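Single-structure report; data block below.
Just so it is clear, none of the values below were taken in a lab; they were calculated from the coordinates. What you see is a predicted model; the values in this text were computed from it and never measured. Backbone-built Cβ (ideal geometry, glycine too); neighbour counts: all protein chains shown.
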Amino acid sequence: MNADQLYRFLFTHRSVRGELVQLSDSLAQMLGQHEYPLPVKQLLAELVAATSLLTATLKFDGDIAVQIQGDGPVRFAAVNGTNQQQFRAVVRMQSELQGDSFRSLIGDGHMLVTITPKQGERYQGIIPLSGDSLTSTLEAYFAQSEQLPTRLYLYTDITEQHNRAAGFMLQVLPVEPEKAKADFADLVMLTDTLSHNEMFELPAEQLLYRLFHQEEVELFPAQPVSFVCGCSRDKCSAAIISLGRDVINEHIAEGKLDINCEYCNTTYQFDVADLTALLQQL
């Protein structure tokens, strides 16, 4: 498997496009910062792969945030991804796990997708969770937001030996509706034969040939995917300054202030001298 790469592809004679993402090192780097239970790791790995596929649909510089909120043990899970295929992720839990299925983890809730271009207006779409999988909810999102038939396949391989995730997407192109519908059905039927092992062990070129060897497929150059948190001591300093003089003085009286990043689990420590220096900037 070509680790940590996203691929886009088109069918020469079909009105369907596709995406494929395979993750390993970047996912291991992210999960290694936390001690999440195995089912939570699997959920987050799926969400990262799905967000990578979503960000690949952006036609501009910007980012996508995919958030799941529910009343289950996992009350909040979110992944932020950019059109440069850089991601970060976080989970917040409120109780012990009662099972490992999607609904056992999340319960009832909704998914919020926020698209933020560097230039232009922000878009938000919210849909209730549907079915007992992340894929069913995401397919409902595509049906609502883009109104284009979309099929998603998400895979995880989280063990002591591996931290891997993968995603595969087929989507109808907005041309020739009747032909596109028939093309989509044919290609979905072929993709349904894809096995878990093939998704992780075959390079993208071989995988697409295995599925679609009777089709003409144009595979575009791979885009690397990476875990990038984006936190820094300077950003924490700016956040402290925004708290105001009174709050900073309270922390000076306490002797220190520690700020922990939820995404990468890095702790930034500010002692009295640090806080006093920030206070002087007000």
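What the table below lists for this structure:
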| item | result |
| --- | --- |
| Rel. contact order, % - alpha carbon contacts under 8 angstrom, at least six apart, segment 233-279 | 39 percent |
| C-alpha long axis of helix 233-243 to longest principal axis of the chain, angle in ° | 60 degrees |
| Relative contact order of the chain, pairs being alpha-carbon contacts under 8 Å that are 6 or more residues apart, as % | 23 percent |
| Burial ordering of LEU23, LEU279, fewest other beta-carbon atoms within 10 Å first | LEU279, LEU23 |
| With eigenvalues of the C-alpha gyration tensor scaled by 5 and rooted, the chain, Å | 39, 20, 18 |
| Principal-axis tilt of helix 38-55 within the chain, Cα atoms, nearest 10 degrees | 70 degrees |
| HN-Hα J in Hz across segment 163-176 - Karplus 6.51, -1.76, 1.60, θ = phi - 60°, x for Gly and Pro | 10, 10, 9, 8, x, 9, 9, 10, 9, 5, 7, x, 9, 6 |
| Crossing angle, helix 245-254 versus the chain [Cα axis fit, 0-90 degrees, rounded to tens] | 80 degrees |
| Dimensions (Å) - segment 64-198, Cα atoms, principal axes, largest first | 49, 41, 29 |
| Convex hull per residue volume in Å³, alpha carbons only, for segment 233-279 | 66 Å³ |
| The chain: most fluctuating residue of ASN265, ASN249, ASN197 per GNM, C-alpha cutoff 10 Å | ASN249 |
| Ascending count of other beta-carbon atoms within 10 Å, so fewest first, for PHE60, PHE9 | PHE60, PHE9 |
| Extension gain, PHE76 back to VAL272 (0.36 nm per residue minus Cα-Cα distance, nm) | 67.2 nm |
